[in-house]
Amino acid sequence: MAIHRRDFLKGVATAGAGIAMGTVDELAAQDRPTRAPAVRAGQVADVVVVGGGAFGAWAALYLQRLGVRVTLIDQHGPANSRATSGGETRGVRTSYGDRPHGLQWAGWATESIQRWKAWDAEHRTDLLPPLYFTTGDVIMREEMEPFIERTMENWDAMGRPYEVLTADEVRYRWPAIHTPDIEVVLYEPDAGVVRARRAIESVVEVFKREGGQVRIGRVQPLEGMSGDLGAVVLEDGTRVEGGRFVFALGPWLPGYFPDLLGKRIRIRTLGHVYYIATPPGDMRFQVPNIPSYNVPGVTGWPALPQDFRGFRIRTGGHRGDDPDTSVRWIDAEHHDRPREVLGEFFPALAEQPINETRACHYCGSVSRNFIIDRHPERSNLWIAGGGNAEAFKQGPVLGEFVADRVLGRVADDDELAQSFRIPEEEFEEDEGGFEP
């Protein structure tokens with residue numbers, strides 16, 4: 001399903017996501033391209049993908065399905081705890097009124113929701129429990145603001161369903177939510193939550209079943225190498241040869257390409273995520289009894305059965321420049337903020353114990369958009385990154401676009417391709433971290 005041609009932005013305004021949508025079962029049953037054979041000893045991969053996160057795993061799968069031999073390399077293995085996509089859950093919503101490219105992102109997110117559902121339908125017999133849960137998402141503010149106004153404009157242009165609620169309606173529908181000083185509420189009923197770590201694991205498992213090869217190892221820096229690549233070298237000295245290369249390294253990208261990306265991608269902030277225990281037998285804080293939520297500077301969602309990590313809340317963050325050494329445990333000195341938010345909006349959880357904490361690097365690009373572009377000095381090397389805290393959610397569509405760009409199925413002068421180019425502008429030296 002091609003959704004990324006020049007008229008995408010026109011199509012998304014008239015047809016929701018810019019393509020014809022079928023039912024989940026129809027999407028799951030569509031014929032796939034012929035699978036490529038696995039890379040055997042002595043063979044050279046057509047494409048080597050470095051990095052097994054949201055960009056890399058989905059791109060590798062789509063490349064494999066387009067009939068090329070693919071090797072996927074990850075230093076610890078896909079969905080590992082240090083990966084940005086290695087957390088337990090990620091929300092999927094289409095409310096991007098705060099981005100200049102918000103309409104395009106909303107279209108991709110809408111299509112991604114359909115593909116997440118189709119993935120579960122296709123693999124319902126061997127991937128349990130399901131990955132995607134429809135929760136709905138409620139945005140609550142004290143007053144109208146441009147983010148909400150532009151989000152509604154985008155949804156109106158797409159024909160996407162939403163509701164404008166009052167605080168009284170919120171309390172009636174979901175009594176566990178308190179609404180102090182809330183005057184503006186926007187509800188997106190089709191938004192949802194994905195089991196993130198399990199999703200990446202499942203994508204890579206399907207990739208392997210369909211002939212892809214996975215290598216565990218850290219690729220050495222490319223310093224001292226010039227021109228097109230013929231191979232990357234792992235730290236143990238192993239050479240992995242290929243015809244084309246995709247570096248999808250998340251927060252490691254600036255370190256591998258310091259001159260090119262060091263001032264164009266910021267990784268200084270690690271987002272804080274907490275999973276809060278809920279009272280035994282209290283079903284109000286799990287799917288489907290409460291939606292995901294968005295209040296100023298904070299997002300979260302209900303607990304998911306069956307593993308039930310807890311009620312999720314994401315607040316600010318702490319400093320962490322090096323993704324290899326940054327501390328991923330959230331110390332108690334940072335726990336006051338989530339307690340404050342819970343006390344304000346979900347008071348029944350304010351004193352509940354914390355089950356788990358998670359922290360991962362935000363990879364914010366200076367353009368605030370994804371970067372999917374050819375290296376300016378290496379014609380067979382592609383860079384895919386700059387997730388801006390939203391790449392995972394759009395992974396099923398994002399990966400297809402990366403694959404199409406690498407194989408030349410999308411031209412360099414395509415309007416959407418141009419929007420994902422490596423930015424010319426740079427961050428100022430004194431600019432701090434990144435907040436989604």
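Computed from the coordinates by the stated procedures, all read-outs in this text should not be read as laboratory data. Predicted model only: the values in this text are computed from it and were never measured. Note that each Cβ is placed from the backbone with ideal geometry, even for glycine, and that neighbours are counted across all protein chains shown.
Below, the figures for the structure above:
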read-out	value
Close Lys-Lys pairs in the chain, where close means Cα under 26 Å and separation is 8 or more or interchain	6
Space enclosed by the convex hull of the alpha-carbon atoms of the chain, per residue, Å³	141 Å³
Calculated from backbone phi, Karplus (6.51, -1.76, 1.60) coupling profile of the stretch 397-409 in Hz, x at Gly/Pro	9, 4, x, 5, 5, 4, 4, 5, 5, 5, 8, x, 7
25 Å tail of the calculated P(r), the stretch 143-264, as % of Cα pairs	58 percent
Positive dipole terminus of the chain, leading residue within L234, A106, P280 (C-beta point charges)	L234
Amide H partners (placed H, <5 Å) of R244, local residues excluded	V47, V48
Inter-part distance where the stretch 103-175 and the stretch 187-229 are each reduced to a Cα centre, Å	25 Å
FRET efficiency, A411 to R378 (Cβ-Cβ, R0 30 Å, nearest 0.05)	0.95
Trypsin sites (Lys or Arg not before Pro) restricted to the stretch 40-85 and DSSP loop, no more than 13 other C-beta within 10 Å	R40
Potential extension, E351-R218 segment - 0.36 nm per residue separation minus Cα distance	43.6 nm
Exposure proxy order (Cβ contacts within 10 Å, fewest to most) of F285, F308	F308, F285
Descending semi-axes in Å of the stretch 192-267, equivalent ellipsoid built from Cα gyration tensor	25, 20, 11
Inter-label distance for R337 and E143, nm, one decimal - labels placed 7 Å from Cα along Cα-to-Cβ	2.4 nm
Note, ³J(HN,Hα) from phi for the stretch 252-258, Karplus 6.51, -1.76, 1.60, rounded to Hz, x at Gly and Pro	8, 4, x, x, 7, 10, x
Magnitude of the charge dipole, the chain, Cβ model with Lys/Arg +1 and Asp/Glu -1, debye to 20	1560 debye
Cα lying deepest toward the dipole's positive end in the chain, options I177, P302, L63, charges on Cβ	L63
E235-D98 pseudo-label distance in nm [points 7 Å out on the Cα-to-Cβ vector]	3.5 nm
Kirkwood Rh (inverse of mean 1/r, distinct Cα pairs), the stretch 83-170, angstrom	15.0 Å
Rel. contact order, % - alpha carbon contacts under 8 angstrom, at least six apart, the chain	22 percent
Using θ = phi - 60° and Karplus 6.51 cos²θ - 1.76 cosθ + 1.60, couplings along the stretch 212-221 (whole Hz; Gly, Pro as x)	x, 10, 10, 10, 9, x, 9, 6, 5, x
Contour excess over end-to-end distance, with Cα ends at R368 and E428 and 0.36 nm allotted per residue	20.1 nm
Residues whose placed amide H lies under 5 Å from that of I177, excluding near-sequence neighbours	none
Likely footprinting exposure, M158, M225, fewest C-beta neighbours within 10 Å first	M225, M158
Mean separation of Cα contacts under 8 Å (6+ apart) over length of the stretch 51-107, as relative contact order %	28 percent
Footprinting exposure proxy for R244, R99 (fewest neighbouring C-beta atoms within 10 Å first)	R99, R244
